[in-house]
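The values are calculated or read from the model by the stated rules, or taken from the named source; none is laboratory data. In this text, all values refer to a predicted model and were calculated from it rather than measured experimentally. Counting neighbours? That spans all protein chains shown, and the Cβs are built from the backbone with ideal geometry, glycine included.
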Amino acid sequence: MALEDFVDLKLDHHTKDGIEIVDVEGEIDVYTAPRLRELLIELVNNGFYQLVVNMEKVEFLDSTGLGVLVGGLKRVRAHDGSLNLVCTQERILKIFRITGLTKVFGIHDTVDEAITARKSEK
Amino acid sequence: MATVEVSFTPLPAHVRTARLVATAVARRSGVAEALLDEVRLAVGEACSRAVEAHRLHCPAEPVRIALTSLAGRFEVEVTDTGPAARGSAAGGPGAAGDGSSLPPGFGIAVIAGLADDVEVSETAAGTSIRMSWPSSGIES
């Protein structure tokens with residue numbers, strides 16, 4: 001990979017079955033996390049309160065990133081919404097486990113599973 | 001003497017560089033592959049909190065990280081020159097003011113969960129976080 005191809009954090013989002021899917025790729029750390037925070041705030045401000053953050057392509061996550069996700073959860077909950085995660089990578093799941101945040105977030109294996117879980121809650 | 005020493009201006013963008021260097025030196029020191037993710041994350045947390053402390057109190061001073069390969073042990077020491085920060089406003093990622101939702105000191109709690117040997121020392125001169133992992137390397 002050439003140096004100029006390096007992507008620190010790539011963010012994308014689309015709507016599926018009435019739920020906004022946020023695709024995150026790369027590294028979420030003290031440098032890049034503010035961009036994810038801005039996107040989550042923008043989505044909530046635009047009326048998207050049902051969010052699924054797809055972390056399957058996340059290579060690194062630190063406590064700053066966890067803080068942004070918790071912040072997003074607080075914002076959607078203020079509107080009776082939800083923020084669920086898609087993650088199967090052991091190295092990322094471990095960070096949720098050691099911080100006890102597995103009890104705070106719904107963590108699913110696939111985007112479809114996260115959507116189904118959300119719909120059955122309603 | 002440390003095996004590798006890095007000092008960097010306290011900008012969040014350089015924390016990634018510090019993580020990469022620490023992981024490379026850990027690998028060369030014989031830290032097991034399975035532990036490298038822990039080293040990477042713990043060093044990132046320590047550097048993030050040092051960068052926050054410097055940005056608040058002494059943005060012109062560099063953050064220092066020393067990586068030392070000892071017999072059977074890989075040691076990392078991250079030193080900042082900000083005022084004692086644990087639990088204060090400079091408590092690192094998650095501290096008040098950065099718009100985060102985690103309590104101050106959360107980064108240090110993550111480090112404690114990752115490294116099996118962590119020592120945080122706070123003096124008037126700053127905070128030093130020393131942590132180590134087992135390695136198969138020899139002293140170098």
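List of remarks:
- Of the numbered criteria (1) more than 10 Å from chain B (Cβ to nearest Cβ); (2) under 21 Å from B:Leu36 (Cα atoms); (3) in contact with a helix residue (DSSP H, G or I) (Cβ under 8 Å, 6 or more places away or on another chain); (4) not hydrophobic (A, V, I, L, M, F, W, C), the one A:His13 fails is (2).
- Enumeration of residues in region A:71-89 that are more than 9 Å from chain B (Cβ to nearest Cβ) and surrounded by fewer than 16 Cβ atoms within 10 Å (Cβ to Cβ): A:Arg77, A:Ala78, A:His79, A:Asp80, A:Thr88, A:Gln89
- Restricting attention to region B:84-113, the residues being modelled with pLDDT of 60 or more and either in contact with a Phe, Trp or Tyr (Cβ under 9 Å, 6 or more places away or on another chain) or part of a loop (DSSP other than H, G, I, E, B) (or both) number 6.
- Among all residues of region A:38-56, there is at least one that is surrounded by 12 or more Cβ atoms within 10 Å (Cβ to Cβ) and either touching a Pro at 6+ places or on another chain (Cβ under 9 Å) or among the hydroxyl-bearing types (Ser, Thr, Tyr) (or both).
- When A:Val68 is tested against (1) in contact (Cβ under 8 Å) with a residue 40 or more places away in the chain; (2) crowded, with 21+ Cβ neighbours inside 10 Å; (3) away from chain B (no Cβ under 14 Å), just one condition goes unmet, and that condition is (3).
- Sole exception among (1) within 10 Å of chain A (Cβ to nearest Cβ); (2) free of Cβ contacts under 8 Å to residues at least 24 places away in the same chain; (3) among the β-branched types (Val, Ile, Thr) for B:Thr23, by number: (1)
Residue-by-condition table, conditions (1) touching a helix residue (DSSP H, G or I) at 6+ places or on another chain (Cβ under 8 Å); (2) under 21 Å from A:Glu121 (Cα atoms); (3) assigned to a loop (DSSP other than H, G, I, E, B):
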{"position": "A:Arg35", "(1), (2), (3)": "no, no, no"}
{"position": "A:Glu38", "(1), (2), (3)": "no, no, no"}
{"position": "A:Ile41", "(1), (2), (3)": "yes, no, no"}
{"position": "A:Val76", "(1), (2), (3)": "yes, yes, no"}
{"position": "A:Leu85", "(1), (2), (3)": "yes, yes, no"}
{"position": "A:Arg91", "(1), (2), (3)": "yes, no, no"}
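- Scanning region B:114-130 for residues that are closer than 21 Å to B:Arg73 by Cα, without any contact (Cβ under 8 Å) to a residue 60 or more places away in the chain and not in a strand (DSSP E or B) returns a single hit, B:Asp116.
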